[in-house]
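**Student:** Sharing a structure with you now.
The values are calculated or read from the model by the stated rules, or taken from the named source; none is laboratory data. Everything quoted here is computed from the prediction, not taken from an experiment. So basically every Cβ, Gly included, is an ideal-geometry build from the backbone, and we count neighbours across all protein chains shown.
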Amino acid sequence: MLPPLRIGNLIAEIPIIQGGMGVGISLSKLASAVANEGAIGIISAAEIGFMESDFNRNPMKANQRALAKELKKAKEASSGPIGVNIMVASSDFNELVTISVENGADLIISGAGLPLNPAPKEILKNAETKFVPIVSSARAAKLIFRYWANHHSRLPDAVVVEGPLAGGHLGFKKEQIDDENFRLEKILPDIISIVKSYEEKFKKLIPVIPAGGIYTGADIAKYLQMGASGVQMATRFVATYECDASDAFKQAFIKCRKEDIVIIQSPVGMPGRAIKNDFLEDVERGLKKPYKCVWHCLKPCDGEPLYCIASALYNAQKGFLRNGYVFAGANAWRIDKMMSVKELIKVLIDEYEIAVSQTNC
């Protein structure tokens, strides 16, 4: 059977973290369904306040209020572990971290930037919440661990290692994405080695959790055999009945072909992986999409981009794909039907057990 994932005193019976997906793709409905199956459900905090009536007038307060609501709903719907994904690049990063801790988030996963200061000092010192950075290189892992040890007198509770096959914004240069030397299988061993050295020094177990392109139970078996403690999966959870996105968003995954999945240049200056559509083709031709910037939601977003990424992702979440687009992992084309989270977890467990039995033969 699959071994549990232990992050300090937090235990998930199924060693899977459902990756955070914004804007509004993984909210309380998906997160609680995943947690109810024994895995870890994650709410994406990215511009979560779009659901609030006053978002255009007071986006920061709307984000905080909406995040508190979603955490409350998820906690009421499940007794399993619920976390929040908060981008370091978010202008309201500290406020969202504080709200997450105050409302009982079991863990906070932070990527899209280096979380050298993952929370206000008192929160980092006293909170029960686990803090988990996302890294895409051994260099980033070494920098974060050294900084936390020297400046916070503590270490991350776990670390997610995201490879270049992930959906959304990627922590790689464009030329590295298809370079064999930067594949998840290549970067993972060095990061495990770095983490082990800190585990020995601080006498603390720190799970390493690979992510990006992990699609089957056989993939899970492969990475656990490499020394990982669990995996993070996002794309596979989109075409579930419980996913918080619109049906049109989910159908984009089911209908897409391998050649439809493309690398784009995001307005925030990072490469990203998405499903090609008319909106992205217009942008590629240099057509500017009208928008009103409600506020500077992402720190790296500067100048006058061709479109607002937050609005584009929000439109896609609602099913208005002519005015937005869908972020997706490299394996999104393999999805061919809808299923429940319960069914998906069972499929993954069955695939894992078959892979392990074949390895042991």
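**Student:** Of Leu96, Leu30, which residue is among the aliphatic types (A, V, I, L, M), farther than 23 Å from Leu344 by Cα and touching a residue at least 40 places away in the same chain (Cβ under 8 Å)?
**Tutor:** Leu96
**Student:** Still on this structure, I have one more. Given the residues Val84, Val88, which is the only one that is touching a residue at least 60 places away in the same chain (Cβ under 8 Å) and within 25 Å of Val238 (Cα to Cα)?
**Tutor:** Val84 is the lone residue from the list that is touching a residue at least 60 places away in the same chain (Cβ under 8 Å) and within 25 Å of Val238 (Cα to Cα).
**Student:** Take Leu165 and tell me if it is assigned to a loop (DSSP other than H, G, I, E, B), farther than 24 Å from Gln265 by Cβ and of a type in the set (A, V, I, L, M).
**Tutor:** Taking the combined requirement at face value, the residue does not satisfy it.
**Student:** Might you check whether a residue that is at pLDDT below 85, surrounded by fewer than 22 Cβ atoms within 10 Å (Cβ to Cβ) and either farther than 30 Å from Phe145 by Cα or in contact with a strand residue (DSSP E or B) (Cβ under 9 Å, 6 or more places away or on another chain) (or both) occurs anywhere in segment 100-119?
**Tutor:** Yes, segment 100-119 contains at least one residue that is at pLDDT below 85, surrounded by fewer than 22 Cβ atoms within 10 Å (Cβ to Cβ) and either farther than 30 Å from Phe145 by Cα or in contact with a strand residue (DSSP E or B) (Cβ under 9 Å, 6 or more places away or on another chain) (or both).
**Student:** On to the next question. For segment 201-214, which positions are in contact with a Phe, Trp or Tyr (Cβ under 9 Å, 6 or more places away or on another chain) and either closer than 19 Å to Ser153 by Cβ or at pLDDT below 95 (or both)?
**Tutor:** Answer for segment 201-214, where residues must be in contact with a Phe, Trp or Tyr (Cβ under 9 Å, 6 or more places away or on another chain) and either closer than 19 Å to Ser153 by Cβ or at pLDDT below 95 (or both): Lys204, Ile206.
**Student:** Return yes when Ala140 is in a helix (DSSP H, G or I), among the hydrophobic types (A, V, I, L, M, F, W, C), within 27 Å of Pro189 (Cα to Cα) and not assigned by TED's automatic domain parsing to the domain that holds Ala310 and no when it is not. Before you say what the answer is, go through the steps one by one.
**Tutor:** Values: in a helix (DSSP H, G or I): yes; among the hydrophobic types (A, V, I, L, M, F, W, C): yes; within 27 Å of Pro189 (Cα to Cα): yes; not assigned by TED's automatic domain parsing to the domain that holds Ala310: yes.
Yes.
**Student:** If you take the residues in segment 221-242 that are among the charged types (D, E, K, R) and not in a loop (DSSP other than H, G, I, E, B), which one is surrounded by the most Cβ atoms within 10 Å (Cβ to Cβ)?
**Tutor:** Start the filter on segment 221-242 by keeping residues that are among the charged types (D, E, K, R), which leaves 222, 236, 242.
Then drop every residue that is not not in a loop (DSSP other than H, G, I, E, B), which leaves 222, 236.
Values: Lys222: 18, Arg236: 24.
For segment 221-242, the residue satisfying everything is Arg236.
**Student:** Still on this structure, I have one more. I'd like the full set of residues that are under 20 Å from the mean Cα position of the chain (by Cα) and in contact (Cβ under 8 Å) with a residue 60 or more places away in the chain, limited to segment 47-73.
**Tutor:** If the condition is that a residue be under 20 Å from the mean Cα position of the chain (by Cα) and in contact (Cβ under 8 Å) with a residue 60 or more places away in the chain, then Glu47, Phe50 are the ones that fit.
**Student:** Which one of these does Met226 not meet: (1) touching a residue at least 24 places away in the same chain (Cβ under 8 Å); (2) within 30 Å of Gly324 (Cα to Cα)?
**Tutor:** Status for Met226: all satisfied but (2).
**Student:** A further question on this structure: With Ile86, Ile16, Ile7 as the choices, which residue is under 29 Å from Phe320 (Cα atoms) and either touching a Cys at 6+ places or on another chain (Cβ under 7 Å) or buried (at least 24 other Cβ atoms within 10 Å of the Cβ) (or both)?
**Tutor:** Just one listed residue meets the conditions, Ile86.
**Student:** Further question on the same structure: From the list Ile209, Ile187, pick out the single residue that is in a strand (DSSP E or B), among the aliphatic types (A, V, I, L, M), in contact with a Gly (Cβ under 7 Å, 6 or more places away or on another chain) and touching a residue at least 40 places away in the same chain (Cβ under 8 Å).
**Tutor:** Ile209
**Student:** Follow-up. Would you mention how many residues in segment 315-342 are in a helix (DSSP H, G or I) and either touching a Cys at 6+ places or on another chain (Cβ under 9 Å) or within 19 Å of Ile17 (Cβ to Cβ) (or both)?
**Tutor:** Qualifying residue count, segment 315-342: 4.
Yes or no, residue by residue, for (1) within 30 Å of Arg154 (Cβ to Cβ); (2) in a strand (DSSP E or B); (3) at pLDDT below 95:
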position: Asp178; (1), (2), (3): no, no, yes
position: Glu199; (1), (2), (3): yes, no, yes
position: Asp219; (1), (2), (3): no, no, no
position: Asp244; (1), (2), (3): no, no, no
position: Ala252; (1), (2), (3): no, no, no
position: Glu259; (1), (2), (3): no, no, no
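**Student:** Return a yes/no flag: does segment 152-172 have any residue that is surrounded by fewer than 15 Cβ atoms within 10 Å (Cβ to Cβ) and modelled with pLDDT under 95.
**Tutor:** Looking through segment 152-172, at least one residue is surrounded by fewer than 15 Cβ atoms within 10 Å (Cβ to Cβ) and modelled with pLDDT under 95.
**Student:** Would you confirm whether or not segment 185-197 contains a residue that is crowded, with 21+ Cβ neighbours inside 10 Å and within 26 Å of Asn103 (Cα to Cα)?
**Tutor:** No; the residues of segment 185-197 include none that is crowded, with 21+ Cβ neighbours inside 10 Å and within 26 Å of Asn103 (Cα to Cα).
**Student:** Quickly run through segment 213-262 and pick out the residues that are charged (D, E, K, R) and touching a Gly at 6+ places or on another chain (Cβ under 9 Å).
**Tutor:** Initial filter on segment 213-262 (charged (D, E, K, R)): 219, 222, 236, 242, 244, 247, 250, 255, 257-260.
Within segment 213-262, Asp219, Arg236, Asp244, Asp247 qualify.
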